[in-house]
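Asker: Have a look at this one.
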Amino acid sequence: MRNDKDRAENLLRLGGGSACPGERIEPAIELVEKGNIDYIVFDSLSESEMLAFERHKMSRPGEGYDTYTERRLRRIWPQCASNGTRIIGNMGAANPRGAQELAIRVARELGLSGQRVAAVLGDNVLDSVRELNPVVNETQEPVSAFGDRLIAAHAYIAADPIVDALQQGADLVITGRVGDASLFLAPMVHEFGWEEDDWDLLAKGIVLGHLFECAGQVTGGYFADPPHKVVPELHRLGFPIAEIAADGQMVVTKTPGSGGVVSPATCAEQMLYETDDPANYIEADVVADFSDIGFEQVGLDRVAITGKVRGKPKPELLKVNLGVREGFRAEGTVFYAGPGAYERAKLAADVIRKRLEQVTHLKADALRFDLIGISALYGPANVANGPPWEVGLRVAGRTQERAEAWKIMHELETIDNNGPAAIGRGLRSEAITEILGYYSTFIPREAVNTEVIVEEA
């Protein structure tokens, strides 16, 4: 941890390295090579991605972590070790220990002996949820109503165990389901020694984490809307860097010379992302009130966080993601082109619908037909200027049995030879996927027991 002199004079520099599991690697390389950062933080988990990793673990029990981790570590870890840049990420997903074992193997192969790798465990609370049987937020029924269909439960744990890992000298900290913003809060608490009940400072850290959890979204990604909102050189978008002082003053910038933009507008849009009540932004560490936040341009691609950010005591309950088996999804698309494409796509939809109803007697919980370019997003569109020459027919259904889902796929596979003329198999897709439904509940904080395992490569 930094001494008092360091705290008074130095700024902590954090880099946001990813927004999803298979994120671009080049911006992270830029961060560690040119960003002069103390930490690089990787966010690999949304709710749906967490369930995808659970599904992966069911078929391959030794995995269930972000498989992109190996490529990422091989590209950045040697430079991080040379710079003294520490790495934090939730790439452990449903199997943090598995990701830790992978990382140790990679470190040894790279000759990075002495690097310490921590795994943060405890977010898997399936047994506790079954025992406590809390009410599910979306159904208002107890968890037990899911029966054997409930296969996963992961709590959003706080920054505390990450701080513990850093205090034990971890160079790489791998977690499972942690609050996204908590990944960024942890190094602030560790470096500056913020107290666990200094709610205003913790809230500022959570706000910074929320801005950074989607990496390039605060530097112009998902922002561009020409000609109204122009982002220069979006093809080489740079990822964000935070300059943080011990008193909570913060500046958002990006890798020098990279593409993208950092402005009050990019920060404000990201601040509102996934926000319900800005006066009560609930995380496991603190409840933040950023209803009076502001952003000030203080230089080229440099924005200071202004206004008042306040904190309230952390919640007594922790949110839990639930994964529930909910059957199968069948989905496929076939494209039609040229004069009459619209009518042929409608005819194909009619043929498939009638065959599923009258011939195969499909048993489906839901079934829909979308004409891409016509009605897929906004319902029936105005075709006053004439029907388009490019139309995609998308058919999707949800069934309880895989055999029923296959019926939908079979009709799509055979519509080429037995229906109107289509483009052919080069522009089509079919897939059957098991559905893991996402639900949520809350359990007492004391029911979640975390553990930190640190091993040296």
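The values are calculated or read from the model by the stated rules, or taken from the named source; none is laboratory data. Here the structure is a predicted model, which means the values were calculated and not measured. In this analysis, Cβ positions are derived from the backbone assuming ideal geometry, glycine residues included, and neighbour counts consider all displayed protein chains.
Asker: Of the residues Glu411, Glu434, Glu455, which is of a type in the set (D, E, K, R), more than 22 Å from Ile151 (Cβ to Cβ), in contact with a helix residue (DSSP H, G or I) (Cβ under 8 Å, 6 or more places away or on another chain) and assigned to a strand (DSSP E or B)?
Answerer: Unique residue meeting the criteria: Glu455.
Asker: Would you confirm, using the coordinates I've provided, whether Ile151 is within 30 Å of Glu33 (Cβ to Cβ) and either of a type outside the set (Phe, Trp, Tyr) or under 23 Å from the mean Cα position of the chain (by Cα) (or both)?
Answerer: no
Asker: Turning to a different aspect of this structure: Could you tell me whether Ala103 is more than 21 Å from Leu183 (Cα to Cα) and surrounded by 21 or more Cβ atoms within 10 Å (Cβ to Cβ)?
Answerer: No; evaluated as a whole, the condition is false for this residue.
Asker: I'd like the full set of residues that are among the acidic types (Asp, Glu) and surrounded by fewer than 17 Cβ atoms within 10 Å (Cβ to Cβ), limited to region 326-369.
Answerer: Glu343, Asp350, Glu357, Asp365
Asker: So, one more: Among the residues of region 53-74, which ones are assigned to a helix (DSSP H, G or I) and charged (D, E, K, R)?
Answerer: Selection gives Glu54, Arg55, Lys57, Glu70, Arg71, Arg72, Arg74.
Asker: Among Ser59, Ser44, Ser82, Ser48, which is the only one that is of a type in the set (Ser, Thr, Tyr) and more than 29 Å from Arg236 (Cβ to Cβ)?
Answerer: After ruling out the rest, the residue left standing is Ser59.
Asker: Scan region 53-68 for residues that are touching a residue at least 24 places away in the same chain (Cβ under 8 Å) and surrounded by fewer than 22 Cβ atoms within 10 Å (Cβ to Cβ) and report the count.
Answerer: Total satisfying the criteria: 9.
Asker: Still on this structure, I have one more. Kindly list the number of the only condition in (1) in a strand (DSSP E or B); (2) of a type outside the set (A, V, I, L, M, F, W, C); (3) touching a Pro at 6+ places or on another chain (Cβ under 7 Å) that fails for Gly176.
Answerer: Among (1) in a strand (DSSP E or B); (2) of a type outside the set (A, V, I, L, M, F, W, C); (3) touching a Pro at 6+ places or on another chain (Cβ under 7 Å), the lone unmet condition for Gly176 is (1).
Asker: If you don't mind, there's one more thing I want to ask. Can you work out which of the residues in region 25-49 that are in contact (Cβ under 8 Å) with a residue 60 or more places away in the chain, part of a loop (DSSP other than H, G, I, E, B) and not aliphatic (A, V, I, L, M) is surrounded by the fewest Cβ atoms within 10 Å (Cβ to Cβ)?
Answerer: My answer is Asp38.
Each row is one residue, and each column tells you yes or no for (1) at pLDDT 95 or above; (2) in contact with a strand residue (DSSP E or B) (Cβ under 9 Å, 6 or more places away or on another chain); (3) acidic (Asp, Glu); (4) not in a loop (DSSP other than H, G, I, E, B).
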position: Glu296; (1), (2), (3), (4): yes, yes, yes, yes
position: Pro315; (1), (2), (3), (4): yes, yes, no, no
position: Leu322; (1), (2), (3), (4): yes, yes, no, yes
position: Phe335; (1), (2), (3), (4): no, yes, no, yes
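Asker: While we're on this one: Quickly run through region 355-372 and pick out the residues that are within 25 Å of Glu343 (Cβ to Cβ) and either of a type in the set (Phe, Trp, Tyr) or assigned to a strand (DSSP E or B) (or both).
Answerer: Leu367, Arg368, Phe369, Asp370, Leu371, Ile372
Asker: Oh, and also: Could you please find all residues in region 185-224 being on the phi < 0 side of the Ramachandran plot and part of a loop (DSSP other than H, G, I, E, B)?
Answerer: Across region 185-224, the qualifying residues are Trp194, Glu195, Glu196, Asp197, Asp198, Glu213, Cys214, Thr219, Gly221, Phe223, Ala224.
Asker: Conditions: (1) in a loop (DSSP other than H, G, I, E, B); (2) over 24 Å from His235 (Cβ atoms); (3) without any contact (Cβ under 8 Å) to a residue 60 or more places away in the chain. Val262 meets all but one. Number of the miss?
Answerer: The number of the failed condition is (2).
Asker: Which one of the conditions (1) farther than 21 Å from Ala242 by Cα; (2) at pLDDT 95 or above does Ala28 fail to meet, given that it meets all the rest?
Answerer: It fails just one condition, (1).
Asker: Select, from Ala265, Ala245, the only residue that is within 23 Å of Ala186 (Cα to Cα), surrounded by fewer than 23 Cβ atoms within 10 Å (Cβ to Cβ) and in the same structural domain as Pro27 (by TED's automatic domain parsing).
Answerer: Ala245
Asker: Now a separate question. Give just the number: which of (1) of a type outside the set (A, V, I, L, M); (2) on the phi > 0 side of the Ramachandran plot; (3) not in a strand (DSSP E or B) does Gly307 not satisfy?
Answerer: Here Gly307 meets the rest and fails (3).
Asker: Cβ-Cβ distance below 8 Å, separation of 6 or more or different chains: which pairs start in region 199-226 with a residue that is closer than 17 Å to Glu243 by Cβ and end on one that is basic (Lys, Arg)?
Answerer: What qualifies is Thr219/Lys254.
Asker: With respect to Val135, is the statement that it is β-branched (Val, Ile, Thr) and either buried (at least 20 other Cβ atoms within 10 Å of the Cβ) or under 23 Å from the mean Cα position of the chain (by Cα) (or both) true?
Answerer: No, not satisfied.
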